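Since the structure comes first, as structure tokens, the remarks are kept for the end.
Laboratory data are not the source of any read-out in this text; all were calculated from the coordinates shown. What you are looking at is a predicted structure, and each value in this text was computed from that prediction instead of being measured. Note that we place each Cβ from the backbone using ideal geometry, even for glycine, and neighbour counts take in every protein chain shown.
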Amino acid sequence: MNGLKVSELSFSYGTKPALENVSLEVPAGRFCALLGPNGAGKSTLFALLTRLLSSPGGRIQIAGHDLTKTPGAALSKLGIVFQQPTLDLDLSVRQNLSYFAALHGIAGRDATRRIDAALDKLAMLERATEKARNLNGGHRRRAEIARALIHDPAVLLLDEPTVGLDAAARASITGHVHQLSKEGTTVLWATHLTDEVGRDDQLVILHQARVLAQGRCEEVCGDAPLADRFLTLTAQPR
Amino acid sequence: MNRYATSLLAIVKREALRFIHQRERFIAALVRPLVWLLVFAAGFRAALGLSIIPPYQTYITYETYIVPGLCGMILLFNGMQSSLSLVYDREMGSMKLLLTSPLPRWWLLFSKLVGSTAISVLQVYAFLAIAAVFGVSMPVPGYLAVLPALIVGGIMLGALGLLLSSFISQLENFAGVMNFVIFPMFFLSSALYPLWKMAESSQLLYTICALNPFTHAVELIRFALYLDFNGSALIWTVLAATVFTCAALWGYKPSRTSEGRKP
């Protein structure tokens, strides 16, 4: 199993529930949009998926590896693009990527080859020597996505990666990541913007700590536009 | 090279690059002890009479006495500076990158500790060189013998910084660290005055100073600079380093972050 599987996951900050009994499955090579308004629990789910937080209940499997039992194996299969920018602005793009590669135990010629391939995939190779500080928002995000691909992850998580970007940069990044899923990477893309989700994408709607609907976008929406369906679902009181 | 060594080298290199990019930090780290050595010590040398105490074989000037304490001060401030960097990293998100590496978390945090200690030790040597230029020098082999003592002391104080960073949730809270950690640790130690002087004025303060792990780190450095070995100081410092490191690793456990705060 090369995809992502979350079973009966719950989490709370003190007494405030952030996730309640969340289960979802993204088959290998699928693009899944995790759609939810602000405060729905998307970032908490990402923190649990990346082991920044842990929950005593529930189970997370990444490419077949249980995150609690074998965290090293599971995390080595995971590529992550955080909502917050995490590039070191004083370092060049290549230095940033080399640092990340080393955190995965990749160094030397192997690292150079992988970094070049990842940057090339995101059309960022010619900017490798530029300082991250000098890149615009869209290019910084592409550098971060390239960084997340260095170790050939089976599953790629992106937490609202288009926040703060203009329309062209958003379209470009959304397109790049859809292409990655077509090439076999399993993608979980958290967003609150319905226009980033294609009709053929898999969809999970999260609201007030619970999964309200999941399936293929077309199946969840029927004939209605996603934006309308999303507003209807999240307007209903729990 | 295996992946553990690869990640260690990368983390140390990043700490070094960050230090190079922050020239003001390097200058501040040097100026602070030099002000103490060249101004404070000059003013106090007449007020404080020092008897011959180990490891010294003869009467020494006050400037000579406080050099090991100032080496400790550099390690202490740098340990706290790295703690501040860690809190900053967490607020800025780059800490997430480190903590989501597939390598064990204890190894990643230990690598951070090694990186910050390496920077501290380099700063101490820069300070010792400048102090020697101003005529406050140690026996030449002492400069080499002090290296292990600086490493142990640096790891102990870096681990304390790591521990604090796991509990400080925001940068704004950092001022409290200055008031409640750095100053008491520094002043309630043998860095500026020998403990017997403190015992003369207050037995309670003497006891606190004697229990302060920073006192033992300073004494370890002092003895090593004079090619002497202080076993109890070593044991105390290693013990404190172990306790601080274990507590910091516990503080960074994923399950602990569940207790009410966002990552």
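Check A:I80: other-chain or 5+ apart residues with amide H under 5 Å from its amide H, H built from backbone geometry?
A:L157
Looking only at B:A191, B:A16, B:A29, which one moves most when chain B is put into a Gaussian network model with springs between Cα atoms under 10 Å?
With Cα springs under 10 Å in chain B, the top fluctuation among B:A191, B:A16, B:A29 is at B:A16.
Cα to Cα, under 15 Å, and not fewer than 8 places away if on the same chain: which aspartates and glutamates meet these conditions relative to A:K121?
Candidates past the 8-residue exclusion: A:E144, A:D152, A:E183.
Springs between alpha-carbon atoms under 10 Å, Gaussian network over chain A: tell me which of A:P17, A:P56, A:P37 tops the mean-square fluctuations.
With Cα springs under 10 Å in chain A, the top fluctuation among A:P17, A:P56, A:P37 is at A:P56.
If you take the square roots of the eigenvalues of the alpha-carbon gyration tensor of chain B and sort them as a ≥ b ≥ c, do you get rounded (a/c under 1.5), prolate (a/b over b/c) or oblate?
Because a/c hits 1.5 or more and a/b exceeds b/c, chain B counts as prolate.
Please give the calculated 222 nm ellipticity per residue for chain B, where each DSSP H segment of at least 4 residues contributes -39500 (n - 2.57) and the sum is spread over every residue; nearest 500 deg cm²/dmol?
Helix-only estimate at 222 nm: -23500 deg cm²/dmol.
How well do other chains shield peptide A:75-86, expressed as the mean number of their Cβ atoms within 10 Å of each residue Cβ?
Averaged over the peptide's residues, the number is 3.
Compute the signed sum of charges (Lys and Arg +1, Asp and Glu -1) over the other residues within less than 15 Å, Cβ to Cβ, of B:E219.
Taking every other residue near B:E219 into account, the sum is +1.
If I build a Gaussian network model for chain A, linking alpha-carbon pairs within less than 10 angstrom, which residue out of A:T15, A:T68, A:T191 has the largest mean-square fluctuation?
Result: A:T15 has the largest fluctuation of those listed.
Relative contact order (percent) for segment A:81-168, with alpha-carbon contacts under 8 angstrom and 6 or more residues of separation?
45
Hey, can you list the DSSP H helices of chain B whose Cα span along the axis is 20 Å or longer and whose average Kyte-Doolittle score is at least -1.0?
B:3-21, B:62-92, B:105-133, B:140-167, B:231-251
Of the beta bridges DSSP finds with both residues in chain A, what % are antiparallel, to the nearest 5?
Close to 55 percent.
Below 8 Å, C-alpha to C-alpha, sequence gap of six or more: please give me the relative contact order for chain B in percent.
Computed value for chain B: 25 percent relative contact order.
Can you give me the long-range amide H partners of A:N2? Hydrogens built in the peptide plane at 1.01 Å from N, cutoff under 5 Å, separation of 5 or more residues or another chain.
Residues meeting the criterion, in which the H sits 1.01 Å from N, are A:A28.
B:N230: net charge of surrounding residues, Cβ under 13 Å, Lys/Arg +1, Asp/Glu -1, itself excluded?
Neighbour charge sum, excluding B:N230 itself: -1.
Just tell me which lysines come within less than 16 Å, Cα to Cα, of B:K13; anything on the same chain fewer than 8 places away is out.
B:K112
Among all the lysines, which ones have a C-alpha under 21 Å from A:K42's C-alpha, if same-chain residues fewer than 8 places away are not counted?
List returned: A:K5, A:K16, A:K77, B:K96, B:K262.
What is the list of residues in segment B:188-209 whose amide nitrogen lies under 13 Å from a point 7 angstrom out from the Cα of B:I235, following Cα to Cβ?
Output list for this probe position: empty.
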